[in-house]
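The values are calculated or read from the model by the stated rules, or taken from the named source; none is laboratory data. Values in this document were obtained by computation on a predicted structure and should not be read as measured data. Virtual Cβ from ideal backbone geometry, glycine too; neighbours counted across all protein chains shown.
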């Protein structure tokens, strides 16, 4: 198991998986943003919001993927122990329960699995909402650019 974790950690480092900054102050500011103040907000600030959200999205997805990998590894440990066990049961689910009940380490892993499953369920599809928010900020920038171009064209006439 440590061989797999060592490999994954080395690969994550090579791919710079966990290098993305997490700017809490900027994220707090974005989530407190009042859309009624949109016209008073500079284009630079809106760009900052879009980029900050994009960076956070990369961080967010990497953390969820890390949890999914941990969940897979923990399930694999239990599955291997169940397969190696000589406990007899009518079903695989029953055998799994008996093997876990007989081993405190596996009980701990089972609790961690439950937490990881809840975390993954809790964050399911949240990245879509972040993408929608990023796209909203980008659309606002495009709208402003179009209005500026239209105003320039009007002055030329």
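Here are a few things to note about the model shown:
For (1) more than 22 Å from residue 130 (Cβ to Cβ); (2) out of contact with any helix residue (DSSP H, G or I) (no Cβ under 6 Å at 6 or more places or on another chain); (3) touching a residue at least 24 places away in the same chain (Cβ under 8 Å), each residue gets a yes or a no:
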site	(1), (2), (3)
6	yes, yes, no
19	no, yes, no
35	no, yes, no
47	no, yes, yes
64	no, yes, yes
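- Conditions (1) surrounded by 15 or more Cβ atoms within 10 Å (Cβ to Cβ); (2) touching a helix residue (DSSP H, G or I) at 6+ places or on another chain (Cβ under 9 Å): number failed by residue 112: (1)
- No other residue among 88, 74 is loosely packed, with under 12 Cβ neighbours inside 10 Å, on the phi < 0 side of the Ramachandran plot and either touching a residue at least 12 places away in the same chain (Cβ under 8 Å) or in contact with a helix residue (DSSP H, G or I) (Cβ under 9 Å, 6 or more places away or on another chain) (or both) apart from 88.
- Scanning the range 127-157 for residues that are modelled with pLDDT of 95 or more and more than 19 Å from residue 48 (Cα to Cα) yields a count of 1.
- Residue 128 being farther than 26 Å from residue 10 by Cα and either more than 27 Å from the chain's Cα centre (by Cα) or part of a loop (DSSP other than H, G, I, E, B) (or both): no
- Boolean, residue 106 is surrounded by 12 or more Cβ atoms within 10 Å (Cβ to Cβ) and within 24 Å of the chain's Cα centre (by Cα): no
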